[in-house]
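Participant: Sharing a structure, written as structure tokens. Questions coming.
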Amino acid sequence: MEPFTTLRSRTVVLPAANIDTDQIIPARYLTTTTRTGLGGNLFADWRYDAQGAPRADFALNRPEAQGCSILVAGRNFGCGSSREHAPWALYDYGLRAVVSTQIADIFRSNALKNGFLPVVVDEPTSAWLIAHPGADIALDVAAGTLTLPSGAAVEFPLEAFARHCLLHGVDELGYLLARGEEITAYERRR
Amino acid sequence: MASTPQTLFEKVWRAHEVSPESAATPAVLYIDLHLLHEVTSPQAFALLRERGISVRRPERALATMDHSIPTLTAQVFGGAPIAIDSAARQVRELEANCAEFGVELLGLQHAQRGIVHVIGPELGLTQPGKTIVCGDSHTSTHGALGALAFGIGTTEVAHVLATQCLLQSKPRTLGVNVHGRLRPGVTAKDLILAIIGRLGIAGGTGHVIEYRGETVRGLDMEERLTVCNMSIEAGARAGMIAPDETTFDYLARRPRAPQGAAFERALDEWRRLPTDTGARFDREVDFDAAAIEPMITYGTNPGMVIPIGGSVPAHGDDPAFAQALAYMGLTPGAAIKDQPVNVVFIGSCTNARLSDLRSAAAVLRGRHVAPGITMLVVPGSQDVKRQAEAEGLHQVFLDAGAQWRESGCSMCLGMNGDLVGAGQYAISTSNRNFEGRQGKGARTLLASPVTAAASAVRGRVTDPRELT
């Protein structure tokens, strides 16, 4: 995993609440056996028409959305299935963070393991961001802040361990493997 | 410490802490049982291979095939090729991975294969007090036996394979207390849909639910599995029910449950698990079972649910709500009853156990599905299929004009080609009605097996109490 320290980008906005993982990456694309290459099918049923052509009215397809790496979404982003293909697809497409008022538990856990930052903000901040697509904002993992174009910084929650892993590009597997003796001791005392 | 009253969840959590959560690090939680399937495991095995890591405790893992496999007998047993190449590749890859890493596989033609959340309890592997994970969000199902069971992502599948542990922050607890008696024609599916309707699909986020109260005590094990299965549709990663005589009777003599004296010893442990008197939940909500009607969804998430006699609500000018109704082709204020349907699906980890098939067959016996209706009945496991056939249920379904398939996830998520067409209405006993869930443009109405069967007979949404 690459270190994630700061990120500055314009936003692309999907205002709907409850964007589930079946929308992020429909199940028919899950027969892959690799982690990469899913970006082309991100939001496939919203992004493409019946003939497979990009729908001009979908936010990600607009010219001004190209190159944006921060997604702003309505409440309860990532609900539904545990498919890690959802953050893989978002990352593969080029997105690096999602900002919402609530993010589903399993999606959040999967996102953090892939260097994709889940950012939970208060209702007024979210409402402002949803009303201002293309806003130029900055995320700071060490400080745990989102900075609006006005310069106002809004804090977002991030557990100490997740922050450490993001900042240093550490993956959790190495940490768990290093706890092997403790795990053995636990297995013995049961 | 020992005198502090604890919830069922806290007891199971504490017993599995290799090290507790601290300000700097999450808890290291030991996992007793790891279930794997063909769709969310290939990348995890690949990660182990890349790093030269072996599986720490292969005897604590069990793999099967359910998500992308065909349900047509010709493709499962008849030697016909699996129609979807990429699904066939996932089958081969799981076979190769299990052989290489020493993980037991109940493969495509195995007599004990089935939906992962059906076979765990059925084999007696799912037991009170265990921690159970699987790369699937409906792992919450196993909590019906008093296990702490939750869905994980593929990176975590690799963590468990490599270390038998997960890094976890301790969730909060939500007590869902249900009192009173469910009325005739009202099922466990209706109960959990009503609970989700009230909690909302994010109402349980960050929490483990414990379902409590005399209504829950009175449910049989298969009904409890249906309830816990849909905990994730309220946002809760896990749902639990305290083990009791119903649980112990269910587990007795199951092939992979403890046997004989070992079973008696296990009982002593299991009887200590229920939540202590005076234990506190972070939140509690109460439900009156007698007020619950047969429920059906009208929108594009499981929280968009109404009593079957109700009308599609109006939600002002909320654009997301309007988008959901536009997708569903439904109008605010319209009755949901008598809405024509095209497809009926009885199956999934929510409602494909023997009791579900019995109740659907009871409605269909001596009747026929309405003209133009496609109906699929997909048993939850090969064992369920054999038992249903021994009782002649398959003949009831076939005589009624339904298709009788091999077990698997099938039309719940449509990965294997069992699809609902664009614009078509499906009444489905599964767990998700998201846009496109059962096929691009498919419109899903979630309901109980009896409501689905009654609706198949009439070809439109039907209150099952009208057809008894």
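The values are calculated or read from the model by the stated rules, or taken from the named source; none is laboratory data. Computed from a predicted structure; not experimentally measured. Using ideal geometry, Cβ is built from the backbone for each residue, glycine included, and neighbour counts are taken over all protein chains shown.
Participant: Against the condition closer than 22 Å to B:Arg353 by Cβ, in a loop (DSSP other than H, G, I, E, B), within 14 Å of another protein chain (Cβ to nearest Cβ) and out of contact with any His (no Cβ under 8 Å at 6 or more places or on another chain), how does B:Pro302 come out, does it pass?
Facilitator: Values: closer than 22 Å to B:Arg353 by Cβ: yes; in a loop (DSSP other than H, G, I, E, B): yes; within 14 Å of another protein chain (Cβ to nearest Cβ): yes; out of contact with any His (no Cβ under 8 Å at 6 or more places or on another chain): yes.
Answer is yes for this residue.
Participant: Just give me the residues in region A:12-58 being surrounded by 21 or more Cβ atoms within 10 Å (Cβ to Cβ) and away from chain B (no Cβ under 13 Å), in sequence order.
Facilitator: A:Val12, A:Leu42
Participant: Something else: Quick check on my filter: what residues within region B:132-148 are away from chain A (no Cβ under 12 Å) and in contact with a His (Cβ under 8 Å, 6 or more places away or on another chain)?
Facilitator: Here is the first cut: in region B:132-148, the residues away from chain A (no Cβ under 12 Å) are B:132, B:141-148.
Result: B:Ile132, B:Thr141, B:His142, B:Leu148.
Participant: Looking at region A:159-172, I want the residues that are away from chain B (no Cβ under 13 Å) and have a partner that is not in a loop (DSSP other than H, G, I, E, B) with Cβ atoms under 8 Å, at least 6 apart or on another chain. Which pairs are those?
Facilitator: Once the first residue is away from chain B (no Cβ under 13 Å) and sits in region A:159-172, its partners that are not in a loop (DSSP other than H, G, I, E, B) give A:Leu166/A:Leu112; A:Leu166/A:Leu117.
Yes or no, residue by residue, for (1) hydrophobic (A, V, I, L, M, F, W, C); (2) touching a helix residue (DSSP H, G or I) at 6+ places or on another chain (Cβ under 7 Å):
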position	(1), (2)
B:Ala238	yes, yes
B:Pro243	no, yes
B:Ala257	yes, yes
B:Arg272	no, no
B:Thr275	no, yes
B:Asp288	no, no
B:Pro302	no, yes
B:Ala314	yes, no
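Participant: Please list, ordered by residue number, the helices (runs of 4 or more DSSP H) wholly in region A:81-150 having 1 or more residues that are buried (at least 21 other Cβ atoms within 10 Å of the Cβ) and in contact with a helix residue (DSSP H, G or I) (Cβ under 9 Å, 6 or more places away or on another chain).
Facilitator: Numbers: elements: A:85-93, A:105-112, A:123-131.
Per the criteria, A:85-93, A:105-112.
Participant: Mind listing whichever residues of region B:18-49 are more than 24 Å from the chain's Cα centre (by Cα) and either away from every other protein chain (no Cβ under 11 Å) or aliphatic (A, V, I, L, M) (or both)? Outline the logic, then answer.
Facilitator: The first filter runs over region B:18-49 and keeps only residues more than 24 Å from the chain's Cα centre (by Cα), leaving B:18-28, B:45-49.
Result: B:Val18, B:Pro20, B:Ala23, B:Ala24, B:Ala27, B:Val28, B:Ala46, B:Leu47, B:Leu48, B:Arg49.
Participant: Of everything in region A:173-182 that's closer than 13 Å to B:Leu167 by Cα and in a helix (DSSP H, G or I), which residue is farthest from the other protein chains (Cβ to nearest Cβ)?
Facilitator: Filtering region A:173-182 for residues that are closer than 13 Å to B:Leu167 by Cα and in a helix (DSSP H, G or I), the one farthest from the other protein chains (Cβ to nearest Cβ) comes out as A:Gly174.
Participant: While we're looking at this one, here's another question. Can you pull out every residue in region B:59-97 that is surrounded by 12 or more Cβ atoms within 10 Å (Cβ to Cβ) and away from chain A (no Cβ under 14 Å)?
Facilitator: If the condition is that a residue be surrounded by 12 or more Cβ atoms within 10 Å (Cβ to Cβ) and away from chain A (no Cβ under 14 Å), then B:Ala61, B:Leu62, B:Ala63, B:Thr64, B:Thr71, B:Leu72, B:Thr73, B:Ala74, B:Gln75, B:Val76, B:Ala80 are the ones that fit.
Quick grid of which residues meet (1) part of a loop (DSSP other than H, G, I, E, B); (2) within 14 Å of another protein chain (Cβ to nearest Cβ); (3) at pLDDT 95 or above:
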| site | (1), (2), (3) |
| --- | --- |
| B:Ala324 | no, yes, yes |
| B:Leu330 | yes, no, yes |
| B:Val344 | no, no, yes |
| B:Ala352 | yes, no, yes |
| B:Ser355 | no, no, yes |
| B:Ala360 | no, no, yes |
| B:Gly372 | yes, no, yes |
| B:Met375 | no, no, yes |
| B:Pro379 | yes, no, yes |
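Participant: With the structure loaded, tell me whether A:Pro124 is at negative phi, modelled with pLDDT of 95 or more and touching a Phe, Trp or Tyr at 6+ places or on another chain (Cβ under 9 Å) or whether it fails that test. Reasoning before the result, please.
Facilitator: Numbers: at negative phi: yes; modelled with pLDDT of 95 or more: yes; touching a Phe, Trp or Tyr at 6+ places or on another chain (Cβ under 9 Å): no.
No, not satisfied.
Participant: Go over the candidates B:Ala23, B:Ala46, B:Ala27, B:Ala80 one by one and state the one that is touching a Ser or Thr at 6+ places or on another chain (Cβ under 8 Å), free of Cβ contacts under 8 Å to residues at least 12 places away in the same chain and farther than 27 Å from B:Thr350 by Cβ. Step through it out loud before you land on a result.
Facilitator: Values: B:Ala23 fails: touching a Ser or Thr at 6+ places or on another chain (Cβ under 8 Å); B:Ala27 fails: free of Cβ contacts under 8 Å to residues at least 12 places away in the same chain; B:Ala80 fails: touching a Ser or Thr at 6+ places or on another chain (Cβ under 8 Å).
Testing whether each residue is touching a Ser or Thr at 6+ places or on another chain (Cβ under 8 Å), free of Cβ contacts under 8 Å to residues at least 12 places away in the same chain and farther than 27 Å from B:Thr350 by Cβ leaves just B:Ala46.
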